[in-house]
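For reference, the structure discussed in these notes is given below.
The values are calculated or read from the model by the stated rules, or taken from the named source; none is laboratory data. Given the structure is predicted, the values throughout are model-derived calculations rather than measurements. FYI the Cβ positions are ideal-geometry reconstructions off the backbone, even for glycines, and counts take in every protein chain you see.
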Ligand code: HEC
Ligand code: HEC
Ligand code: HEC
C-alpha cells in the first residue's frame, strides 16, 4: 500500500470513528436534557391538566372550569395536525413565556403561563425536548365556552398588557441558593399561586395578596405565609416537606385539588427541592392578625358542639386533637381558620379522602354528611370547629352552605353529561 493510500485510510477510519463518537457524545447530553425536561414537567404538573379522563396522556381536552366559563386544555403531544408537532422551540418558548400562540393570538390564563413565564429558557427548551418524545396523539380539542365577550380571544391581548409584566425569575443574591431554588419552583413551575392567591375580577393575581389564600372551584386554598393562626407559621420546614412529599404530616392530610398536586407533582420532586420550597415558604412575611374575636354568640356554639360530639368527635376527638397521621388535628389547624370556609363546607358535605401516596398507600376517609345534616347544622358545627380550642375564624352561615351545596350538585350534573 503506498503512503498516500495509507494516509487516506487512516483519515477515513479516524473520521468514521469521530463521527460515531461525536454522535454518542451528543446523544448523552440530549438524554440528559430530556430527563431534565421530564422533571420540569413534573414540577409544572402539565399532565394533570393536559390529560382528559380516559384520554391519552398530554392529548388535552380536559375541561377546566373558571369563573368565566369552561376552557379545554390543548393537545401538547407532538402530533403535527392537532398537537405541537410542527412547533419550533421558539414558538414553544413564546407560548410558555408570553402566552402567545404561533397564530399570534393569546392563551387564556387558565393555562398558568403567567407563572411558567418565570422558567429559564433552558428549562423551557428541556421541557420541549421532553414533550417531543411522548406519543403523538391525533385529538382535536374543543373551543372554549366563555361568557360574552371573553369568547373573543383578541381581548386577551389587552389582558396581557394589563397584567403581564415580570419575566424570567431573577436570582436574589440576598438569599441562599436553595431559597432561590424554592422561590423559582413556587413562583414558576409549581404555580402555587394559581390556587393559593386571590384573583381580581378579571382573573389575575391580586399582587399584594400573594399566597395569602384563594378560592378555587368551590375550594379555598389556604394561606401559605408565616401567620401562626391561619398560615404555615405553626409548621416546621420538615412538616412542610413531609406534607408535600407524602401528602400528610402529624397535623393534617391533603385532599381535593391539593391531593392531585401532591400525587402528580410534589411527591415526585427531590427532597432537596422540597426543602428548598419549604425554606422559601418559611420566609414569606406574616400579615397583621390582631382581630381574633369572631363569634361571641355562645348559643350558636352550643348547638355546634352538640353536633360535633355526636357526629365528629369519634374521629377528631372531643377536644379536636385528632389522631396523628390519620384524623386531622382540628385544634390550631390553619386550614380550619381561613377567611373563607369553602374547603370545610365541601369536606363535610361530600366527605374527604386523604391522598394515597407511595409512603402511605391507604388514605383515611371522612364520610359525607350531605344527606345527614342540613345547611344550618353544617354551618353550626363548622362555626364551632372554627371557634373552639383556641381557633378563631369568621362564622359559617347556612346560606354559604346552601350555595356550596347547589354549586356541587350543579358541577356533578354537568360532569355527567
Ligand atoms: C391548570 C391547568 C393547566 C396546567 C397545569 C398546564 N396547562 Fe397548558 N394549557 C391549559 C389550558 C386550559 C390551555 C388552553 C388555553 C387556551 O385555549 O387559551 C393550555 C394550553 C397550553 C399550550 C398551548 C397549546 C396551543 O395549541 O396553543 C401549551 C404549549 C401548554 N399548555 C403547555 C403546558 C405545559 C408544558 C405545562 C406544564 C409545564 C402546562 N401546559 C400546564 C391548562 C394547563
Ligand atoms: C389546583 C390548586 C392548587 C395548587 C396548584 C396548589 N395547591 Fe396547595 N392546596 C390547595 C387546596 C384546595 C388546599 C386545601 C386542601 C388541603 O389541605 O389538602 C391546599 C392545601 C395546601 C397546604 C396545606 C396547608 C394547611 O394549612 O393545611 C399546603 C402546605 C399547600 N397547599 C402547599 C402548596 C404548594 C407549595 C403548592 C405549589 C407547589 C401548592 N400548594 C399548589 C390547592 C392547590
Ligand atoms: C370516620 C372518621 C371521621 C368523621 C366521623 C369525621 N371526620 Fe373529619 N376528617 C376525617 C379524615 C380522615 C380527614 C382527612 C384526613 C386529614 O385531613 O387528616 C378529615 C378531615 C376533616 C377536616 C379538614 C381538616 C384539614 O386539616 O384540612 C375537617 C374540617 C373535618 N374533617 C371536620 C369534620 C367534622 C365537622 C365532622 C363532623 C360533622 C367530621 N370531620 C367527621 C375523618 C373523620
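Points worth noting:
- Of the residues making up the stretch 108-120, those that are in contact with a helix residue (DSSP H, G or I) (Cβ under 6 Å, 6 or more places away or on another chain) and either surrounded by fewer than 20 Cβ atoms within 10 Å (Cβ to Cβ) or in a loop (DSSP other than H, G, I, E, B) (or both) number 3.
- Out of 189, 110, 173, 177, sole residue that is modelled with pLDDT of 95 or more and closer than 30 Å to residue 348 by Cα: 110
- Considering the stretch 317-417, the qualifying helices (runs of 4 or more DSSP H), each wholly inside and each with 3 or more residues that are more than 12 Å from ligand 3 (Cβ to nearest atom) and under 27 Å from the mean Cα position of the chain (by Cα), run over 398-416.
- Given (1) touching a residue at least 40 places away in the same chain (Cβ under 8 Å); (2) within 16 Å of ligand 1 (Cβ to nearest atom), index of the condition residue 167 fails: (2)
- Within the stretch 42-76, the set of residues being in a loop (DSSP other than H, G, I, E, B), away from ligand 2 (no atom under 13 Å from the Cβ) and touching a residue at least 24 places away in the same chain (Cβ under 8 Å) comprises 55, 56, 57, 58, 59, 61, 67, 68, 73, 74, 75, 76.
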